[in-house]
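Input: a single structure, listed below in structure tokens.
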Amino acid sequence: MHANILIASSFFMVLLVFFTLGVMFLRRVKAIRSGAVRVRHFKTYETESQMPQKLVQASRHYKNLFEMPPLFHVAVLLVLGLQLQDGVVSALAVLYCSFRLVHTVIHLGANNVLHRMKFFGASCLVLFTMWLYIIGKTFL
């Protein structure tokens with residue numbers, strides 16, 4: 001059961017990446033069609049400071065999903081490979097995904113920096129706790 005929760009959590013994070021990719025793509029198409037951005041911008045991204053804010057938000061969030069979340073995927077693979085799955089690590093995985101979902105909604109929506117920072121920080125703390133738990137179960 002815990003292995004299924006971990007696999008589902010990892011898959012959820014993959015879905016979050018593809019969801020964000022879709023949002024980013026739609027915002028790019030809208031910006032191009034409205035004339036706010038020219039297609040040639042995407043050759044080098046040199047004019048990012050001149051792009052619409054919503055487009056920059058989506059692009060930045062997409063990049064963000066390739067920063068901390070890979071550590072989550074590695075942790076899940078490690079837990080499964082070492083057969084360390086239990087209720088604690090499953091709960092941490094679900095909590096991590098929940099915080100990342102709220103972070104995504106905030107970042108792609110109203111983008112309240114203080115709220116976004118709280119959920120990002122909480123997700124980092126959960127991920128760090130997950131890693132400490134894995135290390136503890138492995139070596140203690």
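The values are calculated or read from the model by the stated rules, or taken from the named source; none is laboratory data. Keep in mind the model is a prediction, meaning the values are calculated, not measured. Ideal geometry is used to build each Cβ from the backbone, glycine not excepted, and the neighbour counts take in all protein chains shown. In case anyone asks, the SASA skips ligands and DNA or RNA and just uses the protein heavy atoms, side chains included. Shrake-Rupley method; radii C 1.70, N 1.55, O 1.52, S 1.80 Å.
Computed values, structure above
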{"quantity": "For region 1-51, with +1 on Lys and Arg beta carbons and -1 on Asp and Glu, the positive-most of Asn4, Leu26, Leu16 along the dipole", "calculated": "Leu26"}
{"quantity": "Ellipticity estimate at 222 nm from DSSP helix runs (n ≥ 4, -39,500 (n - 2.57)) divided over the chain, nearest 500", "calculated": "-27000 deg cm²/dmol"}
{"quantity": "Value of relative contact order over region 1-130, rounded to a whole percent, pairs C-alpha under 8 Å and six or more apart", "calculated": "32 percent"}
{"quantity": "Fraction of accessible area attributable to carbon and sulfur, region 45-110 (%, probe 1.4 Å)", "calculated": "66 percent"}
{"quantity": "Full-extension gain in nm, His115 to Leu80, via 0.36 nm per residue minus C-alpha separation", "calculated": "9.3 nm"}
{"quantity": "For the chain: lysine pairs under 18 Å (alpha-carbon distance), excluding those fewer than 8 apart on one chain", "calculated": "4"}
{"quantity": "Read-out mean projected area of the Cα convex hull in nm², derived from the coordinates shown; its label in (1) 9.7; (2) 9.3; (3) 11.0", "calculated": "(2)"}
{"quantity": "Val94 paired with Ile7, simple spin-label distance in nm, labels 7 Å along Cα-to-beta-carbon", "calculated": "1.8 nm"}
{"quantity": "Inter-site label distance for Arg33 and Phe19 at 7 Å from Cα along Cβ, in nm", "calculated": "2.3 nm"}
{"quantity": "Accessible area per residue, Å², region 60-140 with all protein chains present, probe 1.4 Å", "calculated": "54 Å²"}
{"quantity": "Lys, Arg +1 and Asp, Glu -1 on Cβ, resulting dipole of the chain about Cα centre, debye, nearest 20", "calculated": "740 debye"}
